[in-house]
Structure formats: structure tokens, C-alpha cells
Amino acid sequence: MERKIIKIEPAQDEIKLGWMLSRYCNYDCMYCPTDYHDKDSKTLYSLETLQEKWKTFYNKTNYLNLPYKISITGGEPTANKNFLPFIIWLKETYPQVENIIVTSNGSASINYYKKLADHINNLSLSFHSEFTNEAEFFTKAQELGVYFKSIDKHFHVNIMKELWNSERINLFVEYLDKHTINYSINDIIENLGPRSTRQHKGVINIEQIL
């Protein structure tokens, strides 16, 4: 029996945008390539510039009449004071943007992340031991995990598997499991960064909250 094509539909059901908002980061991890971070303040775009960059992308894709899923990384997005106002504007102005995922290094305040939570769908905090106070980071993660669950949104922790903290990862996992926080352990390639040794050691103290 001969089979005929009777209908063709697009395979995609959403427009996906991976957006590295800026290379600027308040951390300077030894393994992070300079393509992904710098401390040049010129890369901190104004609210108007962020809006124009979005409009340029939107105007080239809105003819597809599909919802948008945007994954935002850096650098560190929250280091730009215009980031939160931009996200609020984006959600209020473009109902087609149905899903926003943000990856952050966790250095912003809990109140900041809670305000952000009202306008995004998913937050991932990445733990970088070279620059982080362990107890402060994981206490913040626990509180945010509870908050995101309360508003039916997703929260995740990325543990960067650095050589010098490999023996402590079991402690991090113990804490995250105890508080039912979703997490992943991410391998890194250490020779891609600008340095071969650490300049900072962070604060090693998660035992205080276990």
C-alpha cells in the first residue's frame, strides 16, 4: 500500500535561546576560560541595550508564532544592576516568553534571588569553592530551595568538581540530600583557564551546618 504525506508540521514547539548576557563576572576562577569571564565593566550593558538586543532577536523569530525558552548565563548575570529590571520588563512586555532559566554563581543576596524567582522558571546556582563560603552558600541554597518549591518553580545546585575540593564533595551532597535539593556534580577542565594555581581558597566550613 502506497503511503502518502498528508501533513507536515514543524518539529520544534518552542524557540530556544542560550544567552550569555555578558562576560563580566565578580569571580575569577582559575579554570574558567577568559571567553566566559572578565572584569571589564564595559560589558555591563544598560537596560536599554539589553532591551534592544532582545528586540533584535525577537523581531527575527516572532513570525514562527512559538513560545520562547531563554537560558541566561554569564559571566555573572546578577552582577549587572540592570539584569533584574530587564527580566521584569521582558516578562511583562512579552507573554510569549514562557520559560526563563538563569545560572548564577550564588553571590547575590537571598532577597535578590526571591525577587528574581517571581519572573523566572528555573534558577541554578553554581558552587565555586575558590571564592565561596561553604556554609553561607549552602544555607542560602537551602532557603532558596524551600522558597522555589513554595511557588512551584525549579531550583538546582551545580557543584563544580575542582581538584582541591574533591574530598569535600560528599559533605556537599550530604547537605543537599538532607534538604532534598536537586543538584549535579560537574567535571571541569582545569587547563582551560588563565592560571594553573588558585589565588583564593574560599571558606571551608560546611561542617557548621551539617
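Details
- Nearby aspartates and glutamates by direct alpha-carbon distance to K178 (threshold 18 angstrom, same-chain neighbours under 8 apart not counted): E134, E136, E143, E207
- Which label in (i) 19.8, 63; (ii) 16.7, 49; (iii) 19.5, 72 gives the computed Rg and Dmax of the Cα atoms in Å: (iii)
- For the range 13-61, a/c is not less than 1.5, where a ≥ b ≥ c are the root eigenvalues of the C-alpha gyration tensor, and a/b does not top b/c. That puts it in the oblate class.
- Contour minus Cα-Cα distance for N170 and T56 (0.36 nm per residue): 36.5 nm
- Net charge contributed by nearby residues that have their C-beta within less than 15 Å of D152 (K/R +1, D/E -1): +1
- Within-11-Å neighbourhood charge of Q208 [Cβ basis; K, R +1; D, E -1]: -3
- Inter-centroid distance (Cα atoms) of the range 42-65 relative to the range 135-209, Å: 32
- Order of T78, T197, T49 - criterion: other Cβ atoms within 10 Å of each residue's Cβ, fewest first: T197, T49, T78
- Gained length - I88 relative to L66, 0.36 nm times residue gap less alpha-carbon distance: 5.9 nm
- Cross-link check: pairs K81/K115; K69/K114; K39/K69 evaluated at a Cα-Cα cut-off of 24 Å; pairs beyond the cut-off: K39/K69.
- Across the chain: Cys residues that no other cysteine approaches within a C-beta distance under 4.7 Å: C25
Read the figures in this text as sums done on the coordinates, not as results from a lab. All figures in this text were calculated on a predicted structure; none of them were measured in a lab. Neighbour counts are summed over all protein chains in view; Cβ atoms, including those assigned to glycine, are modelled from backbone coordinates with ideal geometry.
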